[in-house]
Amino acid sequence: MTSPQRRGTSPQRRILVTGGAGYIGSTTSLLLLDSGYDVVVVDNLSRGRRENVDPARLRVVDMLDTEQLACVMKEKPCDAVIHFGAYIAVGESMKIPEVYFRNNLAGSLSLLAAMLETGIRNIVFSSTAAVYGMPACVPIVETEPYAPLSVYGESKVMVEKLLDWFDQIHGMRSICLRYFNACGADPQGRTGEDHDPETHLIPLLFRAIQTGKPMTIFGDDYDTPDGTCIRDYIHVTDLAQAHIAAVESLFAGGPSRRFNVGTGQGFSVKEVLQTVEEVTGKKVPYTMGPRRDGDAPLLVADSTRLREDLGWRPEYSDLHTIVKTAWAWANR
Ligand SMILES: NC(=O)c1ccc[n+]([C@@H]2O[C@H](COP(=O)([O-])OP(=O)(O)OC[C@H]3O[C@@H](n4cnc5c(N)ncnc54)[C@H](O)[C@@H]3O)[C@@H](O)[C@H]2O)c1
């Protein structure tokens with residue numbers, strides 16, 4: 001890995017993190033700081049939390065406000081942007097597509113315009129496995145065609161395409177990281193998952209334990225060994241490390257790339273539930289519901305490209321560590 005020293009007179013590289021008050025953005029910001037980078041966070045706090053960010057680093061700005069973004073970039077000149085800022089709920093995106101396209105697509109375009117104006121030419125973008133929809137081949141490789149099944153997934157495809165054009169026309173280099181299921185919490189307990197609305201499995205299982213209200217599992221008649229959907233769970237710290245590897249590859253002059261970020265191992269909903277019961281020592285109350293539209297039975301990443309090209313290795317993504325760190329966070 002290259003060091004975070006700049007080549008110019010300034011001693012430290014600075015990264016602008018959009019959505020840095022959210023779950024993955026705040027965890028990545030801490031790891032960037034741990035690795036010696038300077039960080040400035042842009043977040044409108046629509047979904048994130050003020051307490052997730054050091055107040056001295058936070059600029060409360062909406063990404064749709066290009067002028068304000070450019071002001072922040074001029075006030076705090078940055079070497080790269082890591083772009084997490086987005087709305088993330090697949091179901092919600094199918095009810096209010098206009099809100100999702102505006103925030104995720106127009107918000108990204110506004111960010112790119114501010115970057116062009118201020119001369120920033122490196123960006124790492126939070127993409128998603130949702131760009132693949134129901135993939136024909138699993139484990140999924142990056143060459144699998146785009147086939148999103150939701151407005152959320154489509155908004156991410158559109159931003160990936162914007163980034164291709166901005167590279168071709170403006171020389172803006174980008175790395176799109178297509179995350180599978182982000183989960184777990186910072187092992188030091190500094191950050192963790194706490195979405196509102198929460199749609200992710202592990203925090204919902206905890207919530208069922210804590211409230212005694214049964215959670216619904218959507219479908220147990222899929223063509224999988226126990227009938228429930230299988231996903232690839234990636235610890236947020238490993239995900240954050242992938243961002244650091246990505247930004248460093250851009251600083252080293254590497255080209256625009258797309259990478260899957262997952263472990264290559266899938267766990268069913270029932271297996272995750274069982275691990276939650278083992279780690280917490282508590283029963284999870286649940287009921288079985290029908291399948292949800294658009295849920296693929298099996299989504300598992302082939303992350304060979306990320307491992308081979310950027311030397312990334314997941315360290316915290318065994319299911320027990322994921323659940324243990326998340327449970328510690330849920331009981332903070
Ligand atoms: N959590 C996952 O499993 C997962 C999986 C794949 C991709 N992603 C992507 O990772 C990114 C981060 O996800 P997360 O789980 O941390 O979500 P999050 O909701 O915790 O964080 C998103 C942050 O973006 C901010 N934001 C949203 N719109 C904004 C705007 N217009 N201007 C400024 N700030 C804005 C929110 O306030 C929030 O702090 C998202 O882009 C998401 O699509 C997440």
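Coordinate-derived values only; no laboratory data. These numbers come from a predicted model, not from an experiment. Cβ sites come from the backbone with ideal geometry, for glycine too, and all protein chains shown count toward neighbours.
Provide the FRET efficiency to the nearest 0.05 for the HIS195-ARG332 pair, computing r from the beta carbons and using R0 = 22 Å.
Rounded to the nearest 0.05, the efficiency is 0.90.
How would you classify the stretch 75-176 from its alpha-carbon gyration tensor, with a ≥ b ≥ c the square roots of the eigenvalues: rounded for a/c under 1.5, else prolate if a/b is greater than b/c, otherwise oblate?
The shape class here is oblate.
What net charge do the residues around THR287 carry, taking every other residue with its C-beta under 12 Å from that of THR287, with Lys and Arg at +1 and Asp and Glu at -1?
Cβ neighbours under 12 Å give a net charge of 0.
How do 20-30, 153-163 rank on mean C-beta neighbours within 10 Å, highest first?
Output ranking for 20-30, 153-163: 20-30, 153-163.
With everything on Cα atoms, drop me the angle between helix 151-170 and the longest principal axis of the chain, reported from 0 to 90° to the nearest 10.
It works out to around 20 degrees.
Pick out which of LEU45, LEU16, LEU177 has the largest mean-square fluctuation in a Gaussian network model of the chain, springs linking Cα atoms closer than 10 Å.
Of LEU45, LEU16, LEU177, the Gaussian network model singles out LEU45 as fluctuating most.
Relative to the first principal axis of the alpha-carbon coordinates of the chain, what is the inclination of helix 201-211, with its axis defined by its Cα atoms, in degrees from 0 to 90 and to the nearest 10?
60 degrees
Relative contact order, percent, of the chain when contacts are C-alpha pairs under 8 Å separated by at least 6 residues?
Computed over the chain, the figure is 18 percent.
Within a Cβ distance under 12 Å of PRO203, other residues only, what is the Lys/Arg minus Asp/Glu net charge?
-3
What are the principal axis extents of the Cα atoms in the stretch 244-303, in Å, biggest first?
Computed over the stretch 244-303, the largest-to-smallest principal extents equal 51, 31, 15 Å.
At 0.36 nm per residue, and after removing the present C-alpha to C-alpha distance, how many nm does the segment from LEU33 to LYS283 gain when stretched out fully?
Result for the pair: 86.2 nm of gain on full extension.
Eigenvalues of the Cα gyration tensor times 5, then square-rooted: what semi-axes does that give for the stretch 155-194, in whole angstrom, largest first?
31, 12, 7
Report the convex hull volume per residue for the stretch 209-332, counting only C-alpha atoms, in Å³.
It comes to 125 Å³ per residue, whole-number rounded.
Would you mind calculating the gained length between GLN12 and TRP165 on full extension (0.36 nm times residue separation, minus the Cα-Cα distance), in nm to one decimal?
Contour length minus Cα-Cα distance gives 52.1 nm.
Just to confirm a number: summing +1 for Lys and Arg and -1 for Asp and Glu over residues other than CYS183 whose beta-carbon lies under 10 angstrom from that of CYS183, what do you get?
Spelling it out: positives minus negatives among the neighbours equals 0.
With runs of 4+ DSSP H residues as the only contributors, calculate the mean residue ellipticity of the chain at 222 nm using -39,500 (n - 2.57) per run, divided by the residue total and rounded to the nearest 500.
Calculated at 222 nm, the ellipticity per residue is -11000 deg cm²/dmol.
Roughly what would the spin-label model give for ARG57 and CYS71, points 7 Å off Cα along C-beta, in nm?
Taking the simple label geometry, ARG57 and CYS71 are separated by 2.3 nm.
Classify the stretch 17-122 as rounded, prolate or oblate from the Cα gyration tensor: take a ≥ b ≥ c as the square roots of its eigenvalues, call it rounded if a/c is under 1.5, otherwise prolate when a/b beats b/c and oblate if not.
It is oblate, given that a/c is not under 1.5 and a/b is not larger than b/c.
Cut-off 10 angstrom, C-alpha nodes, Gaussian network model of the chain. Which of VAL72, VAL300, VAL138 fluctuates the most?
Taking springs between Cα atoms under 10 Å, the residue moving most is VAL138.
Picking from VAL261, VAL236, VAL53, which is most flexible by a Gaussian network model of the chain using Cα springs under 10 Å?
In this elastic network of the chain, the residue with the biggest mean-square fluctuation among VAL261, VAL236, VAL53 is VAL53.
Of the beta bridges DSSP finds with both residues in the chain, what % are antiparallel, to the nearest 5?
Counting DSSP beta bridges with both partners in the chain, the antiparallel share is about 5 percent.
Could you pull the Rg and Dmax for the chain, using just the Cα atoms, both in Å?
Rg and Dmax of the chain, Cα atoms, are 19.2, 61 Å.
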